[in-house]
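For reference, the structure discussed in these notes is given below.
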Amino acid sequence: MSVTAEKVKEEPGIGTRCIRSQQFDLDTLYKLCELTDKIRNICQTKEGSNYISSLLNDKRAMLYFKQPSTRTFLSFQNACHILGIKCSEIRDISTSSFMKGETELDGVKTFSQYVDLIIMRHTSTDFVNLIDSNLNNNMRIINAGSGTDQHPTQALLDFYTIYKYGFKNKKIAFVGDLNRGRTVRSLALMLSKIDGMKLYFIAPNGYQIKSDILEQLEVPYELTDDLESIMPLVDYIYMTRLQDEYGGIEETWDPDAYKIDLNNVNRLKNNAIILHPLPRRDEIAVEIDNDPRAKYWEQTANGLWVRVALIASMFNISADDIDKSKDYNKIKRLYLK
Ligand code: NCD
């Protein structure tokens, strides 16, 4: 079975699974953004943080990361800590029974008996789907990156960042290795739900976004290889790195043609927003970090709180439940602005 960016029937809401970005309807996305703001605000005080860390302190999570990761791994681990969830992890499969010939499916089924939530990153596009269809539906599963296909939680944090700066009639350009960049694939599908959005995909030959995504877009889009001409038009520019861990570099790849530095940054509007899922190489020069339009560090910080809200939602905690809680109302009265 092949996954994933193929058109799937949308089941509104989050439920127990976060597998692909198509599953999120706009209403669910806005609710998630509101819950993110709420939890973030509550956690500004020690009393508030203690309350949030009591919400899921009877739960356990497993982080199964079979691909290099620092920010996503730590972001999820810390999101679990904020909610009081205890974590265990597998990052190095040479220490597991897979070395004795066990299938990965059996391995994951085994540790699913010990935990309430599995957060997984995998080199294979299909593995997350295999787990999704083989584990009991009450097991919470989050896709933290599935090969070159999807990265729905990065899309959620990107969506939240764009929600903070405004959606109405905005234009966004995606730049770089769009063929294999899973963050762009997931985010394009999510933003395609917003009326009035326009998407530009800027990449050289051989690196353009694939037709499986384009076929699902419900908003206008353009494909081009010319970064300089699109820069002045857009409100958001989303830079990405070459994904060469998935294969070689073709001759058409010219890193100098797909970067932002002091030579071209002022082609952007004064109020444009520069985003990047990170890690970066040289597609955004470090000098740009001090430009007020650079928001990628803020984007990373947002990721922690969006993941807290996502996990809370998957355990059926809503902003309403928090509002009705006696403990929260006491903290609100005494400590929160
Ligand atoms: C991205 C990923 O893993 O796809 N990183 C991340 O999770 N923020 C982007 C990348 O590795 O280029």
Taking region 41-71 only, how many residues are within 18 Å of GLN154 (Cβ to Cβ) and either modelled with pLDDT of 95 or more or in contact with a helix residue (DSSP H, G or I) (Cβ under 7 Å, 6 or more places away or on another chain) (or both)? 5
Which residues, counting only those in region 222-261, are open to solvent by less than 50 Å² (accessible area, probe 1.4 Å) and part of a loop (DSSP other than H, G, I, E, B)? VAL234, ASP235, THR240, ARG241, LEU242, GLN243, GLY247, TRP253, LYS259, ASP261
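Within region 1-19, how many residues turn out to be at pLDDT 95 or above and either open to solvent by less than 20 Å² (accessible area, probe 1.4 Å) or within 16 Å of the chain's Cα centre (by Cα) (or both)?
So the answer is 3.
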Subset of region 134-157 (residues that are open to solvent by 20 Å² or more (accessible area, probe 1.4 Å) and either within 11 Å of the ligand (Cβ to nearest atom) or at pLDDT below 95 (or both)): ASN136, ASN137, ASN138, THR148
Name the pairs: first residue in region 70-84 and free of Cβ contacts under 8 Å to residues at least 24 places away in the same chain, second residue more than 11 Å from the ligand (Cβ to nearest atom), Cβ to Cβ under 7 Å, at least 6 apart or on different chains? GLN77/LEU63; GLN77/CYS87
Among the listed residues ASN316, ASN302, which satisfies the condition of being loosely packed, with under 13 Cβ neighbours inside 10 Å and closer than 22 Å to ILE141 by Cα? ASN316
Filter region 88-116 for residues that are touching a Phe, Trp or Tyr at 6+ places or on another chain (Cβ under 8 Å) and not acidic (Asp, Glu); which is surrounded by the fewest Cβ atoms within 10 Å (Cβ to Cβ)? SER88
Testing LEU74 on (1) more than 16 Å from the ligand (Cβ to nearest atom); (2) open to solvent by 40 Å² or more (accessible area, probe 1.4 Å); (3) hydrophobic (A, V, I, L, M, F, W, C), one condition comes back false. Which one is that? (1)
For region 37-71 the number of residues that are open to solvent by 40 Å² or more (accessible area, probe 1.4 Å) and under 22 Å from the mean Cα position of the chain (by Cα) is 9
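Among the helices (runs of 4 or more DSSP H) lying completely within region 74-172, list those that include at least 1 residues that are within 23 Å of the chain's Cα centre (by Cα) and under 30 Å from ALA294 (Cβ atoms).
Numbers: elements: 104-111, 127-134, 152-165.
So the answer is 152-165.
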Quick check on region 321-337. Is at least one of its residues within 16 Å of the ligand (Cβ to nearest atom) and of a type in the set (A, V, I, L, M)? no
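The values are calculated or read from the model by the stated rules, or taken from the named source; none is laboratory data. Because the structure is predicted, anything quoted here is derived from the model rather than measured. Neighbour counts run over all protein chains shown; Cβ positions are idealised from the backbone, glycine included. Note: areas computed on protein heavy atoms with side chains; ligands, DNA, RNA excluded. Shrake-Rupley method; radii C 1.70, N 1.55, O 1.52, S 1.80 Å.
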